[in-house]
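Heads up: the structure comes next, in structure tokens.
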Amino acid sequence: MNLPLINRVLEHKNRIAIASNEQTYTYEDLLHASSQIATNLLQDATDLQEQRVAFLIPSGFEYIATLWGIWRAGAIAVPLCVSHPRPELEYVIVNSAASIIVAHPNFEALLRPIARSHNLRFILTSETLPTQINPLPTVDLSRRALILYTSGTTGKPKGAVTTHRNIQAQVTSLIDAWEWTASDRILHVLPLHHIHGIVNVLLCALWAGAECEMLEKFDAETVWHRIDRGNFTLFMAVPTIYVKLIAAWETATEELQKSRSEGCAKMRLMVSGSAALPVKVLENWQKISGHFLLERYGMTEIGMALSNPLHGQRKAGSVGKPLPGVEVQLVDENGELVAAGTPGEIQVKSPGVFLEYWQNPAATAKTFQNGWFCTGDFAVFENDNYRILGRISVDIIKTGGYKVSALEIEEVLRSHPEIQECAVVGVEDVEWGERVCAALVLRSESSLTLESFRSWAKKQLAVYKVPTRILTVEELPRNTMGKVTKPEVTKLFY
Ligand code: AMP
């Protein structure tokens, strides 16, 4: 056993690692279960030598025991998404060329036929595990560990491959920056096929020897109930989750509101990331929880890169400065560094940056420039902080010769009393190149017209930034992480 993440367990074997489904599991339980799973995966082999093992298990102890089991058998873990339909699951399984599928019985009907049609070994988590544990292989940090599928704006998702060394760097950077310790307790409410839930929450907790309570799925009332009762020190979520928690808090009785706020007050840190945090959400959350959310920026391919400080001044609408071990620069279209105050593409260099897109050397080569990973995100460095302007491909709109940031316009539109949510996109246009368009979710009492909207917006924004078309929708299209899917929004305007 030589992966530091797993070796460290020996320091806190008897501490509780995971709480799930009304049960608790110690680090020793995790060590034992993962060695049984590794033995079972290995069968007669001594090392799975980076074979891919796809697995679909709800959030809980079995998930992490399986992930560690896969790693301890020398294989690459390919987590699948619990809410994906068969074609998407099959795409990931086939693209990663997985040789084994591990499934919770809830997913047997969905996955067994895929295993059968591709002739793959199929293991159910309910099967009896071997009691005799075989010697497990030595796994070097340079080996590939994980493939996370990440959607681009065009084409099929690509598998981002990280090594054990990459993951360790991603984890230790956050342990350092956010001062994780073994006394931390975190409530896990995020999906487990995505970096946020896997690295920032689960693996950081385990590295620290902390306790992680895993909820099978997000439900605002359940989360409040746990926050209310539990003694958590940390909470991490995406902006949509904070929006849902705020809505649930607002409709609760006064007594419940008080105890929920007290549950938040017991924590030492609450973090938001994976999408832009609207300033209004940050302010509302501060009112009910007393916490000024720490916003950070990162992506599947690089881990976390920028963060507001744990101690010291946090800035609403900003993502702070580079995390420990991370170098960040902003460049223009020619790859030249831009001056402070000038927007540019974020490029990142760090030991946490991924190895490659799975079996896609062309795509991998395209995203690196002189050793820097090109994120495709636009940002500006101002007032000693980075501010994200959005994805170059979808959030940077070129209209009438101007380059405008959709995120900046959205932030302003959300300050309109009748607008609950919004998404701004650029829609192809002969006259403007791209036309600024806004999909709006209005408050129920709203009677907003394009005319009144535009005359209000012109007082807040330069005229070329003011949307020329608006569309009212019931809700915005979002992915499983709660992020608004801009290509879907754009389609609404065609
Ligand atoms: P993912 O790989 O799914 O985590 O998505 C990463 C992308 O989410 C980044 O490339 C950004 O476009 C976006 N993102 C992550 N954090 C933030 C943030 N704090 N503000 C704005 N966008 C963010």
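The values are calculated or read from the model by the stated rules, or taken from the named source; none is laboratory data. Note that the structure is a prediction, hence the values are computed from the model and not measured. Cβ coordinates were reconstructed from backbone atoms using ideal geometry, including for glycine residues, and neighbour counts include every protein chain displayed. Just so you know, the surface numbers come from the protein's heavy atoms only, side chains and all, with ligands and any DNA or RNA stripped out. Shrake-Rupley method; radii C 1.70, N 1.55, O 1.52, S 1.80 Å.
Report yes if some residue within region 155-175 is within 26 Å of the chain's Cα centre (by Cα) and free of Cβ contacts under 8 Å to residues at least 12 places away in the same chain; otherwise report no.
Step one: filter region 155-175 for residues within 26 Å of the chain's Cα centre (by Cα), giving 155-175.
This time we only want the ones that are free of Cβ contacts under 8 Å to residues at least 12 places away in the same chain, so: 155.
Yes, region 155-175 contains at least one residue that is within 26 Å of the chain's Cα centre (by Cα) and free of Cβ contacts under 8 Å to residues at least 12 places away in the same chain.
Here is a check on your reading of the model: is Thr131 surrounded by fewer than 19 Cβ atoms within 10 Å (Cβ to Cβ), in contact (Cβ under 8 Å) with a residue 60 or more places away in the chain and within 14 Å of the ligand (Cβ to nearest atom)? It would help to see each step written out before you state the result.
Values: surrounded by fewer than 19 Cβ atoms within 10 Å (Cβ to Cβ): yes; in contact (Cβ under 8 Å) with a residue 60 or more places away in the chain: yes; within 14 Å of the ligand (Cβ to nearest atom): no.
For Thr131, the condition - surrounded by fewer than 19 Cβ atoms within 10 Å (Cβ to Cβ), in contact (Cβ under 8 Å) with a residue 60 or more places away in the chain and within 14 Å of the ligand (Cβ to nearest atom) - is not met.
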Handout entry: Unique match (being closer than 21 Å to Tyr297 by Cα and not polar (S, T, N, Q)) among Glu451, Glu431, Glu418, Glu408
Key = Glu408
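Across region 290-306, which residue is nearest to Gly390 (Cα to Cα) among those that are small (Gly, Ala, Ser) and open to solvent by 10 Å² or more (accessible area, probe 1.4 Å)?
Restricting attention to region 290-306, the residues satisfying the condition of being small (Gly, Ala, Ser) are 290, 298, 303, 305.
The next check asks that each one be open to solvent by 10 Å² or more (accessible area, probe 1.4 Å); those that pass are 290, 298.
Values: Gly290: 28, Gly298: 12 Å.
Here the answer is Gly298.
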Exercise for the section: Inspect all residues belonging to region 277-285 and state whether any of them is part of a helix (DSSP H, G or I), within 16 Å of the ligand (Cβ to nearest atom), buried (at least 17 other Cβ atoms within 10 Å of the Cβ) and in contact (Cβ under 8 Å) with a residue 60 or more places away in the chain. Expected result: no
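Out of Ala363, Ala423, Ala379, Ala339, which single residue is under 26 Å from Arg454 (Cα atoms) and either among the small types (Gly, Ala, Ser) or within 15 Å of the ligand (Cβ to nearest atom) (or both)? Give the derivation first.
Numbers: Ala363 fails: under 26 Å from Arg454 (Cα atoms); Ala379 fails: under 26 Å from Arg454 (Cα atoms); Ala339 fails: under 26 Å from Arg454 (Cα atoms).
Just one listed residue meets the conditions, Ala423.
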Practice task
Look through Glu451, Glu408 and report the one residue that is assigned to a helix (DSSP H, G or I), away from the ligand (no atom under 16 Å from the Cβ) and not hydroxyl-bearing (Ser, Thr, Tyr).
Solution key: Glu451
Problem - Unmet requirement for Asp395, which otherwise passes all of (1) open to solvent by 10 Å² or more (accessible area, probe 1.4 Å); (2) more than 14 Å from the ligand (Cβ to nearest atom); (3) under 21 Å from Val473 (Cβ atoms) - result: (2)
Practice task
Take the residues in region 215-229 that are surrounded by fewer than 18 Cβ atoms within 10 Å (Cβ to Cβ) and outside any helix (DSSP H, G or I), then tell me which one is modelled with the lowest pLDDT.
Solution key: Lys217
Exercise for the section: Among residues belonging to region 248-276 that are farther than 15 Å from Val223 by Cα, of a type in the set (A, V, I, L, M) and assigned to a loop (DSSP other than H, G, I, E, B), point out the one that is nearest to the ligand (Cβ to nearest atom). Expected result: Ala276
Exercise for the section: Starting from residues that are closer than 18 Å to Arg72 by Cα and among the charged types (D, E, K, R), keep the ones in region 18-49 and report whichever is least open to solvent (accessible area, probe 1.4 Å). Expected result: Asp47
Practice task
Being β-branched (Val, Ile, Thr) and in contact with a Lys or Arg (Cβ under 9 Å, 6 or more places away or on another chain) is the filter; apply it to region 182-224 and report the residue that is farthest from the ligand (Cβ to nearest atom).
Solution key: Val223
Problem - Residues (open to solvent by 20 Å² or more (accessible area, probe 1.4 Å) and farther than 15 Å from Ala423 by Cβ) located in region 398-410 - result: Lys398, Gly400, Gly401, Tyr402, Lys403
Handout entry: Positions within region 134-168 being open to solvent by less than 20 Å² (accessible area, probe 1.4 Å) and either touching a Leu at 6+ places or on another chain (Cβ under 9 Å) or outside any strand (DSSP E or B) (or both), in sequence order
Key = Pro137, Val139, Ala145, Leu146, Gly159, Ala160, Val161, Thr162, Thr163, His164, Asn166, Ile167
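Okay, residues lined up against (1) touching a strand residue (DSSP E or B) at 6+ places or on another chain (Cβ under 9 Å); (2) of a type in the set (A, V, I, L, M):
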residue	(1), (2)
Val53	yes, yes
Pro79	yes, no
Pro85	no, no
Pro105	yes, no
Asn119	no, no
Exercise for the section: Output the number of residues of region 316-327 satisfying the condition of being away from the ligand (no atom under 12 Å from the Cβ), surrounded by fewer than 21 Cβ atoms within 10 Å (Cβ to Cβ) and in a loop (DSSP other than H, G, I, E, B). Expected result: 2
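Residue-by-condition table, conditions (1) acidic (Asp, Glu); (2) in contact with a Ser or Thr (Cβ under 6 Å, 6 or more places away or on another chain):
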residue	(1), (2)
Glu408	yes, no
Val425	no, yes
Val463	no, no
Gly482	no, yes
Practice task
Give the residue, chosen from Pro351, Pro361, that is open to solvent by 30 Å² or more (accessible area, probe 1.4 Å) and touching a residue at least 12 places away in the same chain (Cβ under 8 Å).
Solution key: Pro351
Problem - Lone unmet requirement of (1) touching a strand residue (DSSP E or B) at 6+ places or on another chain (Cβ under 6 Å); (2) modelled with pLDDT under 90 for Leu413 - result: (2)
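Give Arg15, Arg52 a once-over and let me know the one that is basic (Lys, Arg) and crowded, with 22+ Cβ neighbours inside 10 Å. Please lay out each step first, then the result.
Working: Arg15 fails: crowded, with 22+ Cβ neighbours inside 10 Å.
After ruling out the rest, the residue left standing is Arg52.
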Exercise for the section: Return the pairs, sorted by first residue and then second, in which the second residue is assigned to a helix (DSSP H, G or I) and open to solvent by 10 Å² or more (accessible area, probe 1.4 Å), the first residue lies in region 400-425 and is acidic (Asp, Glu), the beta carbons are less than 7 Å apart, and the residues are 6+ apart or on different chains. Expected result: Glu411/Val279
Problem - All positions within region 13-58 that are over 22 Å from Pro130 (Cα atoms) and small (Gly, Ala, Ser) - result: Ala17, Ala19, Ser20
Practice task
Scan (1) touching a helix residue (DSSP H, G or I) at 6+ places or on another chain (Cβ under 9 Å); (2) closer than 13 Å to His416 by Cβ; (3) not β-branched (Val, Ile, Thr) for the single condition Lys483 breaks and write down its number.
Solution key: (2)
